[in-house]
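Trainee: The structure under discussion is supplied below as structure tokens; questions concerning it will follow.
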Amino acid sequence: MSKSGSTSKKSKTDGVSAATAKLRLLKKLRCTLKFEKRAWAAGAQLVAGVDEVGRGSLFGPVVAAAVILYQNDDPAYRIRGLRDSKLLPAERREELALLIRQHSIAWAIAAVDSARIDQINIYQASRLAMLHAVQQLAPAASYLLIDAVKLDCELPQQPIIHGDALSASIAAASIIAKVERDRMISAWDPVFPVYGLASNKGYCTPHHLAALREHGPSPLHRQSFSPVWSAPIPQEVLGFMLDEAAPEAVPEDEELEAAIAEA
């Protein structure tokens, strides 16, 4: 679902922004193995959690991960402290990402770049990145737990709203995808220093918006996102896109991601 504009909506009950209200909700949710245990009980041995990060960013790829944490509820190593990557400090994410890579049954990461996002839209690009991550798992998954969406594959699957805050496997996928994407975006900071990518990771922060107004977008910005295509100084190599009315494509979680990036 898309939003137009960048002004935070206010809650009718307490006057807080929608991003703050959602953050409060996520903090209250418990991340457990409840969904995994249901799948194991139904006969699925290799249950993979799947998630993406970077959906609300204005710059660079969307990155997805798939993780098979345990097999048949019999972990050789129990990873504690898994939760939605947005709720974890960067240092803790790095620590958990290392444990996930070392001790999970299987994990895989895939990315879809900004040019492809502009071609097929951010929702479809997110699903494509998730699918590619699932396809790279070895051993292959027998069941998928996915954050909020359904993938175009024959594997049995369960989309879970706020899955990265409720399922340990989805949270694990969220964490390694977030760590990888942060690394990728930070690597571009010396190339495009005016945007502050190392700190905002491409999200819609005041500094990033001001840089877009002053300098225009880089070739790696998502031209189909309103704050990018509406910048007063266009990127010359992508100027052809100004001949057409670009769609609004600011995803639902943009305000939440930007608020966390600014914090």
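Trainee: Could you pull out the pairs from Lys27/Lys86; Lys86/Lys201; Lys178/Lys201; Lys28/Lys150; Lys27/Lys150 whose alpha carbons sit more than 20 Å apart here? Walk me through the numbers on the way to the answer.
Mentor: On the way: Lys27/Lys86 10 Å; Lys86/Lys201 13 Å; Lys178/Lys201 10 Å; Lys28/Lys150 25 Å; Lys27/Lys150 25 Å.
Violating the 20 Å Cα-Cα cut-off are Lys28/Lys150; Lys27/Lys150.
Trainee: Just to make sure I understand: if all protein chains stay in place, what is the order of Asp113, Asp147 by accessible area at 1.4 Å, largest first? Write down the numbers at each step before the final one.
Mentor: Values: Asp113 85, Asp147 25 Å².
Of Asp113, Asp147, the descending order of accessible area is Asp113, Asp147.
Trainee: Roughly how much of Val179 is accessible, in Å² to the nearest 10, using a 1.4 Å probe?
Mentor: Solvent-accessible area, nearest 10 Å²: 20 Å².
Trainee: Then there's this: To the nearest 10 square angstrom, how much accessible area does Ser199 have with a 1.4 angstrom probe?
Mentor: About 80 Å², rounded to the nearest 10.
Trainee: From the protein chains alone at 1.4 Å, what is the descending order of accessible area for Arg213, Arg101, Arg181, Arg24, largest first?
Mentor: From most accessible down to least: Arg213, Arg24, Arg101, Arg181.
Trainee: Starting from the residue with the highest accessible area, list Glu180, Glu154 in decreasing order, probe 1.4 Å. Show your work: numbers first, answer last.
Mentor: Numbers: Glu180 35, Glu154 185 Å².
Largest to smallest exposure gives the sequence Glu154, Glu180.
Trainee: Given the Cα-Cα distance of Asn121 and Ser199 and 0.36 nm per residue of separation, how much length would full extension add, in nm?
Mentor: On the way: separation 78, 0.36 × 78 = 28.08 nm, distance 2.52 nm.
Full extension of this stretch gives 25.6 nm more.
Trainee: Under the classification rounded if a/c is under 1.5, otherwise prolate if a/b is larger than b/c and oblate if not, where does segment 108-183 fall, given a ≥ b ≥ c as square roots of the Cα gyration tensor eigenvalues?
Mentor: Details: a/c = 1.43, a/b = 1.26, b/c = 1.13.
Rounded is the answer for segment 108-183, as its axis ratio a/c remains below 1.5.
Trainee: Alpha carbon centre of segment 97-112 versus segment 164-184: separation in Å?
Mentor: One Cα centre to the other: 9 Å.
Trainee: Continuing with the same structure: What is the set of long-range amide H partners of Ser17 at a cut-off below 5 Å, with H atoms built 1.01 Å from backbone N?
Mentor: Sorted by chain and number, the residues that satisfy this are Ser11.
Trainee: Kindly write out, for segment 67-81 in residue order, the coupling ³J(HN,Hα) from the Karplus curve 6.51 cos²θ - 1.76 cosθ + 1.60 (θ = phi - 60°), rounded to whole Hz, with x marking Gly and Pro.
Mentor: 9, 9, 5, 9, 10, 6, 6, 10, x, 6, 8, 8, 8, 9, x
The values are calculated or read from the model by the stated rules, or taken from the named source; none is laboratory data. Only a predicted model underlies this, so the values are computations on that prediction, with no experimental measurement involved. Heads up: the accessible areas ignore ligands, DNA and RNA and are worked out on the full protein's heavy atoms, side chains in. Shrake-Rupley method; radii C 1.70, N 1.55, O 1.52, S 1.80 Å.
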